[in-house]
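A.B. asks: To start, I am sharing the structure in question, which I have written as structure tokens.
The values are calculated or read from the model by the stated rules, or taken from the named source; none is laboratory data. Note that the structure is predicted; figures quoted are calculated from it, not measured. We place every Cβ from the backbone using ideal geometry, glycine too, and count neighbours over all the protein chains shown.
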Amino acid sequence: MIHPDTDTLLKHVLQTLEESDEPIVREHLAACDQCRELQQNMQREVQRLGRINMPIEIPAPPRLPRRLRVPTAVLRLAAVLSVGFLMGYATAQLSQPVSSVPVQQRLIPSRVAVPSSGYIPCQAVNLKTIRPG
């Protein structure tokens, strides 16, 4: 007969054993006096440990030394200066003129006949509309 190890029995006592293993351990405990006695001993020990009333003191988190603490007024001043700097930077960026970007164009004459002034009137055409891609 294969006996479950003590960790498996303890998990059974603590009710943390996987559901798939639970029926196997129960069947074994029903048939094996040695393991049933070990399981009962474990259960008594767990109950005994549960009755121990030990006060636990949780220490407070350590505070920073006084010389490392930053006063609230300094933090407020830093926040105000940061906001002021960011607003000034944004205003400066928005007030700068937008530079124009040259676009390549091709001039196509609207008339073939040259007027007496010697200049040929032309209109601007976007090359992308003529040759896609």
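A.B. asks: Is it the case that the stretch 42-49 has a residue that's part of a loop (DSSP other than H, G, I, E, B) and out of contact with any Lys or Arg (no Cβ under 7 Å at 6 or more places or on another chain)? Don't jump to the end; show me each part of the working.
C.D. replies: Looking only at the stretch 42-49, we keep the residues that are part of a loop (DSSP other than H, G, I, E, B), and these are none.
No, the stretch 42-49 has no match at all.
A.B. asks: Taking the stretch 66-103, which residues are outside any helix (DSSP H, G or I) and over 32 Å from the mean Cα position of the chain (by Cα)?
C.D. replies: Here is the first cut: in the stretch 66-103, the ones outside any helix (DSSP H, G or I) are 69-71, 96-103.
Once the filter is applied, which keeps residues that are outside any helix (DSSP H, G or I) and over 32 Å from the mean Cα position of the chain (by Cα), the stretch 66-103 yields Gln96, Pro97, Val98, Ser99, Ser100, Val101, Pro102, Val103.
A.B. asks: Sticking with this one: Can you tell me how many residues within the stretch 24-42 are among the β-branched types (Val, Ile, Thr) and exposed (fewer than 10 other Cβ atoms within 10 Å of the Cβ)?
C.D. replies: So in the stretch 24-42, the residues among the β-branched types (Val, Ile, Thr) come out as 24-25.
Filter again for exposed (fewer than 10 other Cβ atoms within 10 Å of the Cβ), leaving none.
Number satisfying all stated conditions: 0.
A.B. asks: In the stretch 1-23, how many are part of a helix (DSSP H, G or I), surrounded by fewer than 13 Cβ atoms within 10 Å (Cβ to Cβ) and among the hydrophobic types (A, V, I, L, M, F, W, C)? Give the derivation first.
C.D. replies: Within the stretch 1-23, the first condition is being part of a helix (DSSP H, G or I), and the residues that meet it are 6-14, 22-23.
Applying the additional criterion that residues be surrounded by fewer than 13 Cβ atoms within 10 Å (Cβ to Cβ) yields 6-7, 14, 23.
With among the hydrophobic types (A, V, I, L, M, F, W, C) added as a condition, the list becomes 14.
So the answer is 1.
A.B. asks: Confirm whether Ser82 is at pLDDT 70 or above and loosely packed, with under 10 Cβ neighbours inside 10 Å.
C.D. replies: Numbers: at pLDDT 70 or above: yes; loosely packed, with under 10 Cβ neighbours inside 10 Å: no.
When the stated conditions are applied, Ser82 does not pass them.
A.B. asks: Does Glu45 count as surrounded by 11 or more Cβ atoms within 10 Å (Cβ to Cβ), within 42 Å of the chain's Cα centre (by Cα) and without any contact (Cβ under 8 Å) to a residue 12 or more places away in the chain?
C.D. replies: Details: surrounded by 11 or more Cβ atoms within 10 Å (Cβ to Cβ): yes; within 42 Å of the chain's Cα centre (by Cα): no; without any contact (Cβ under 8 Å) to a residue 12 or more places away in the chain: yes.
Criteria not met by Glu45.
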